[in-house]
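Undergrad: Here's a structure for you.
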Amino acid sequence: MALKLWLARQAYSLLLRLGTPAYLWRVWARGREEPAYRADWPWRLGWYGRTYREAVRRAPGRPVLWLHAVSLGEARAAAPLVQALRAQRPGMRLLLTHTTATGREAGRALLQEGDLQTWLPYDTPGAVRRFLRLHRPQVGVLMETEVWPNLQHEARCAGVPMVLANARLSEKSLKQGLRVGALMRPAAQAMSLCLAQTPEDAERLMRMGAPRVRVAGNVKFDMTPAASLLALGRAWQAASARPLVLAASTREGEEPGLLAAWQAACASLPSDEHRPRLWIVPRHPQRFDEVATLVRGAGWSLSRRSAWSQGMPDAAAQSADVWLGDSMGEMPAYYAAARVALLGGSFAPLGGQNLIEAAACGCPVVMGPSTFNFAEAAALSEQAGAALRVADWAAGVAQALRVCEPAVQGQMSARALGFAQAHRGAAQAMAEAIWAAASPDADADADD
């Protein structure tokens, strides 16, 4: 069995080495639309310049906590966890890694003097070893679903305890992982600790092979929307003469169905200044222009957030049928402005998006049938009366228009805020468990 596992990892490593040129080309090509992908690209292979190496060595003696937040959602969710980790070890040095440009941009807000930020190394043995030798973290924290065979193996060899925080694993992902169990089981077994969001996630992680799993809740409930963004959203709401229906974090393939359903619903509404306005916020910034083209192609007049003078809707925006949220880092403002949000990623078989942030902003949610990425949060939100589940875009738009009615919206908004508040506290518990895993006596403590 040991030989089989070794051969599987060697074959995996060989495939990655052979695929390195294609990987680097993909990163470089992505940089055409998002130039940040081309920044410091050799770091993805563990090759660091003198300036960065000197910055790493500038603060000896401070414990280095390495946290990987792959993309925008994980970077934002990491904020309350980082705050709790700093509160327990004020002298810690944060090493923050990402895979996407949006994650890296969002992660900058988490950095303090002396902290470090780089790309997650490509999962070849050499790149991972170079990363670990340079940074020498006391503990590594991966957010949600990030488990990599060579990363786990090399961290174990280097004596770096690894924690999967805010961990989630859907039944679909478990089945996919078990198909390549010779790779993923050893990676899961190398985890020092998994802090699962739900009992169901914990059970699936144990089936994958994780040796120590605890249910710690969802740290996203501890995210606090910035007061400045909530105020901006309320200013947008006041500036709009019409109620705003938000299509939040829509994914490729969803907008045509949304626009068709919106067209059909609006045909039966009076065409006046009180008719709700649709506000689409695509999840990925590289799709902003594509979605703008789809909206205009459907016959709607459009105003883009990026074109607003001083950040406020102008006269042209006031006359537009559809607004496009083509900015980054303003999701709480969008939720605060809207009367209701249609949850992107849930109307196609994509598993949905994080609806907790909407609840924290007091925005009711209408979600489609696909929410397996956030199954418990979706179910609890529905039970609390903060969200509604529908079968398709037509039903979703109909429900969203109903929720726009002030009496319904006010009631659901209050329930959303109560739902978000009731589940807070995971960040503190996770921070305590992570620092315990980082201590030399962690194994003994975990078995007590």
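Undergrad: Ignoring solvent entirely, what values of log10 I(q)/I(0) come out of the Debye formula for segment 305-448 at 0.20 Å⁻¹ when each Cα is a single scatterer?
TA: Debye curve over Cα of segment 305-448, log10 I(q)/I(0) at q = 0.20 Å⁻¹: -1.19.
Undergrad: Can you classify segment 206-282 as rounded, prolate or oblate using the Cα gyration tensor, where a ≥ b ≥ c are the square roots of its eigenvalues, rounded means a/c under 1.5, and otherwise it's prolate if a/b beats b/c and oblate if not?
TA: oblate
Undergrad: Another question about this same structure. Kindly sort LEU7, LEU15, LEU134 by accessible area of their heavy atoms, largest first, with the probe set to 1.4 Å.
TA: Values: LEU7 90, LEU15 125, LEU134 25 Å².
Greatest to least solvent exposure: LEU15, LEU7, LEU134.
Undergrad: Most mobile of MET206, MET162, MET223 per a Gaussian network model of the chain (Cα springs, under 10 Å)?
TA: Of MET206, MET162, MET223, the most mobile in the Gaussian network model is MET206.
Undergrad: What do you get for Rg/Rh over segment 243-383 if you use C-alpha atoms and the Kirkwood form of Rh?
TA: Answer for segment 243-383: 0.95.
Undergrad: Still on this structure, I have one more. Rounded to whole Å and sorted largest first, list the principal axis extents of the Cα atoms in segment 260-302.
TA: The Cα atoms of segment 260-302 stretch 35, 17, 16 Å along their principal axes.
Undergrad: Given the alpha-carbon gyration tensor of segment 1-50, what are the semi-axes of its equivalent ellipsoid in whole angstrom, ordered largest first, with each equal to the square root of 5 times an eigenvalue? Walk me through the numbers on the way to the answer.
TA: Numbers: eigenvalues 175, 36, 11 Å².
Each semi-axis is √(5λ); the values are 30, 13, 7 Å.
Undergrad: Using 10 Å bins from zero, what percent of all Cα-Cα pairs in the chain falls into each bin?
TA: 4, 20, 29, 25, 15, 6, 1, 0
Undergrad: Work out, step by step, the length gained on full extension between LEU14 and VAL180: first 0.36 nm times the residue separation, then minus their alpha carbon distance; give nm to one decimal.
TA: Numbers: separation 166, 0.36 × 166 = 59.76 nm, distance 1.58 nm.
Here the segment from LEU14 to VAL180 would lengthen by 58.2 nm.
Undergrad: Radius of gyration and Dmax for segment 1-144's Cα atoms, expressed in Å?
TA: 16.1, 47
Undergrad: Let me ask something else. Quote the FRET efficiency, to the nearest 0.05, computed for GLN411 versus GLU432 with a Förster distance R0 of 41 Å and r equal to the Cβ-Cβ distance.
TA: Once rounded, the FRET efficiency stands at 0.65.
Undergrad: Right, next: Just from its helices, what would the mean residue ellipticity at 222 nm be for the chain, if runs of 4 or more DSSP H residues each count -39500 (n - 2.57) and the sum is divided by every residue, rounded to the nearest 500 deg cm²/dmol? Walk me through the numbers on the way to the answer.
TA: Working: 21 runs with 215 residues, N = 448.
After summing the helix terms and dividing by the residues of the chain, the value is -14000 deg cm²/dmol.
Undergrad: Taking the C-alpha atoms of segment 329-392, how large are the radius of gyration and the largest Cα-Cα span, Dmax, in Å?
TA: When restricted to the Cα atoms of segment 329-392, Rg and Dmax are 10.7, 30 Å.
Undergrad: Taking a label point 7 Å from the Cα of ALA267 along the Cα→Cβ vector, which residues of segment 387-423 have an amide N closer than 20 Å to it?
TA: 392-402
Undergrad: Net charge near ALA11: determine it from the other residues with C-beta under 12 Å of the C-beta of ALA11, scoring Lys and Arg +1 and Asp and Glu -1.
TA: Values: positive: LYS4, ARG9, ARG17; negative: none.
Here the charged neighbours net out to +3.
Undergrad: Return the tail of the calculated pair distribution for segment 365-433, meaning the percent of Cα-Cα pairs more than 19 Å apart.
TA: 43 percent
Undergrad: Starting from a Cα-only point model with no solvent, please compute log10 I(q)/I(0) by Debye for segment 93-159 at q = 0.14, 0.26, 0.28 1/Å.
TA: The calculated log intensity ratios at q = 0.14, 0.26, 0.28 Å⁻¹ are -0.42, -1.34, -1.44.
Undergrad: Report the gain in length on full extension from ALA394 to SER439: 0.36 nm times residue separation, minus Cα-Cα distance, nm rounded to one decimal.
TA: 10.8 nm
Undergrad: Let me ask something else. For the chain, which whole percent of the accessible surface, found with a 1.4 angstrom probe, sits on carbon and sulfur atoms?
TA: Answer for the chain: carbon and sulfur cover 55 percent of the accessible area.
The values are calculated or read from the model by the stated rules, or taken from the named source; none is laboratory data. The structure presented is a predicted model; accordingly, all values stated were derived computationally and were not measured. Reconstructed Cβ throughout: ideal geometry from the backbone, glycine too, with neighbour counts over all protein chains shown. Ligands, DNA and RNA are excluded from the accessible area calculation, which covers all protein heavy atoms including side chains. Shrake-Rupley method; radii C 1.70, N 1.55, O 1.52, S 1.80 Å.
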